1. How about segment B:13-70: which of its residues are among the polar types (S, T, N, Q) and either touching a strand residue (DSSP E or B) at 6+ places or on another chain (Cβ under 6 Å) or touching a residue at least 24 places away in the same chain (Cβ under 8 Å) (or both)?
2. Residues of segment B:239-273 being among the charged types (D, E, K, R) and open to solvent by 80 Å² or more (accessible area, probe 1.4 Å), which ones?
3. Could you please let me know if residue B:89 is within 26 Å of residue A:8 (Cβ to Cβ) and away from ligand 2 (no atom under 16 Å from the Cβ)?
4. Kindly evaluate residue B:106 against the criterion of being outside any helix (DSSP H, G or I) and within 16 Å of residue A:50 (Cβ to Cβ).
5. Any chance segment A:104-127 includes a residue that's part of a helix (DSSP H, G or I), open to solvent by less than 30 Å² (accessible area, probe 1.4 Å) and in contact with a Cys (Cβ under 9 Å, 6 or more places away or on another chain)?
6. I want to confirm something. Restricting to segment B:79-96 and keeping residues that are within 12 Å of ligand 1 (Cβ to nearest atom) and among the hydrophobic types (A, V, I, L, M, F, W, C), which single residue is most open to solvent (accessible area, probe 1.4 Å)?
7. When the residues of segment A:76-96 are filtered to those that are open to solvent by 50 Å² or more (accessible area, probe 1.4 Å) and under 21 Å from residue A:41 (Cβ atoms), which remaining residue is nearest to the chain's Cα centre (by Cα)?
8. Determine, yes or no, whether residue B:2 is assigned to a loop (DSSP other than H, G, I, E, B), away from chain A (no Cβ under 14 Å), more than 28 Å from residue B:237 (Cα to Cα) and open to solvent by 20 Å² or more (accessible area, probe 1.4 Å).
Amino acid sequence: MIGEKIRCLLAMLGTDVHSKGIRTLAQLLRDRGVEVIYLGEHNTADGLINALIAEDADVVGLSYSTATYLHYTRDLLVKMKAAGVDDVPVMLGGLIHADDEPELREMGVKGIFGPGSSMTQIVAFLQDVTGKTLTAP
Amino acid sequence: MSDAIADAVRRGELRSVARLITRIEAGDPTIAATLRDLHAAAGNTPIIGITGPPGAGKSTLVDQMLARYRANGERVAVLAVDPSSPFSGGAILGDRVRMNRHNTDRGVFIRSMAARGRLGGLAQAAADALVVLDAMGWDRILVETVGVGQNEIDVLRHADTVLIVQTPAGGDTVQAVKAGILEVGDLFVVNKADTGSADRTVSALREAIEFRTHALGADAWHPPVPKTAATDNQGIAELLTAIDAHRRHLQDHPEQLALRRRAQARARVTEHLAEILRSRYLQPTNRSERFEAIIDEVVARRCDPSSAAARLLHD
Ligand SMILES: Nc1nc2c(ncn2[C@@H]2O[C@H](COP(=O)(O)OP(=O)(O)O)[C@@H](O)[C@H]2O)c(=O)[nH]1
Ligand SMILES: [Mg+2]
């Protein structure tokens, strides 16, 4: 449909406070034509899910800089399922260890962008999971 | 016959509401019947508009207002509009960061909207989104916009009470007067009263307001200038009292309320008219041969622009 944009919710869960990475990502995505709904740090799974519903986000991006991401991601995905919003794809960024990728995939995480990932990869992922095209260069 | 989506909205099904607003944002023409249905029953919820320069503390104020309204048991919806990047068309919608504590509260609904640089279209999309929220039966609706352009000012026309947020930081006041924002404000909030010389800003605003209102007659509303420090939760109760006073003023002067409603309706119809014309003639996909032929005549100076427009309309 004409006028459709990719709406991406970006947030940090739990006590993680290193928001520099997610802020940078927000700006890069905006520059690619994405509408970023920025939730910042200290979100709870329930709060994030309510925001996700109200914002009709196409995709959720979580950023982690601490090792607790397995716990928080699992908790979120379980609650998303219970809320009936597990159709919304979740992607992870930040300090994600390659060894944990299989477990994250099994939980239902659709995109994992650890250290060294490029914007091109993230943009391709977003277009793929949303079925929408980004028109910005 | 009532519309299925409209029914879902009235039942408060949040996902249906959120998806409908997305379709409004995208300019989906197939929701016209839904909007018609919802519009018929809307118009009962007080809408409070909040605008001012970026960083003035609007979202922080909204967060504190939400906390107070919730403490009073009121259920509140928020529409938060942020500008889109003119370069990429993307946006960072960051207002709700300041309101995150309300995310787990079912008595609050917050939706962000990007301005998307559409001529007149923002006011239209925001107004339709407000109709949807209105039909859900919230006790109040707050709408935040950045007071930069005509687009954003047009959004405020749909509010019953308009707050213009300023800060003690020098030039803002002059800017507000210049931008013609003085005419649309019902309250002028001086936020960040914990910093700088708030009292000077208050008196400068009072002076500008009095200059404008003294000619308006005894029954006119005189915009108050409350001081707040949103981050310290200071002055919020007084602000809410002033908002209620404005609402009562309109109730006590039904002729002023009627004028306002008429102006809102006029603005909405005008926006749609403009939109029809714009999409008929200006979208690259719709540029007809006839349109281009007349443009050729104007370029060759066989026809002037005004006559060209008149000829197109009379086709
Ligand atoms: N000192 C002070 N800072 C404030 C006040 N209100 C908001 N801020 C800060 O100003 C910045 C911008 O606030 P925000 O609510 O996002 O402004 P908006 O762009 O107008 O929505 C944030 O860092 C707030 O914490 C206030 O009353 N006093
Ligand atoms: Mg804001």
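The values are calculated or read from the model by the stated rules, or taken from the named source; none is laboratory data. All values reported here derive from a predicted model rather than from experimental measurement. Quick reminder, even Gly has a Cβ in these numbers, built from the backbone with ideal geometry, and neighbours come from all protein chains shown. Heavy atoms of the whole protein, side chains included, go into the accessibility calculation; ligands, DNA and RNA do not. Shrake-Rupley method; radii C 1.70, N 1.55, O 1.52, S 1.80 Å.
1. B:34, B:44, B:45, B:51, B:59, B:60, B:64
2. If the condition is that a residue be among the charged types (D, E, K, R) and open to solvent by 80 Å² or more (accessible area, probe 1.4 Å), then B:247, B:248, B:252, B:255, B:261, B:262, B:266 are the ones that fit.
3. Criteria met by residue B:89.
4. Working: outside any helix (DSSP H, G or I): yes; within 16 Å of residue A:50 (Cβ to Cβ): yes.
Yes; evaluated as a whole, the condition is true for this residue.
5. yes
6. Among residues in segment B:79-96 that are within 12 Å of ligand 1 (Cβ to nearest atom) and among the hydrophobic types (A, V, I, L, M, F, W, C), the one most open to solvent (accessible area, probe 1.4 Å) is B:92.
7. Applying the filter and picking the extreme gives A:95.
8. Details: assigned to a loop (DSSP other than H, G, I, E, B): yes; away from chain A (no Cβ under 14 Å): yes; more than 28 Å from residue B:237 (Cα to Cα): yes; open to solvent by 20 Å² or more (accessible area, probe 1.4 Å): yes.
Yes.
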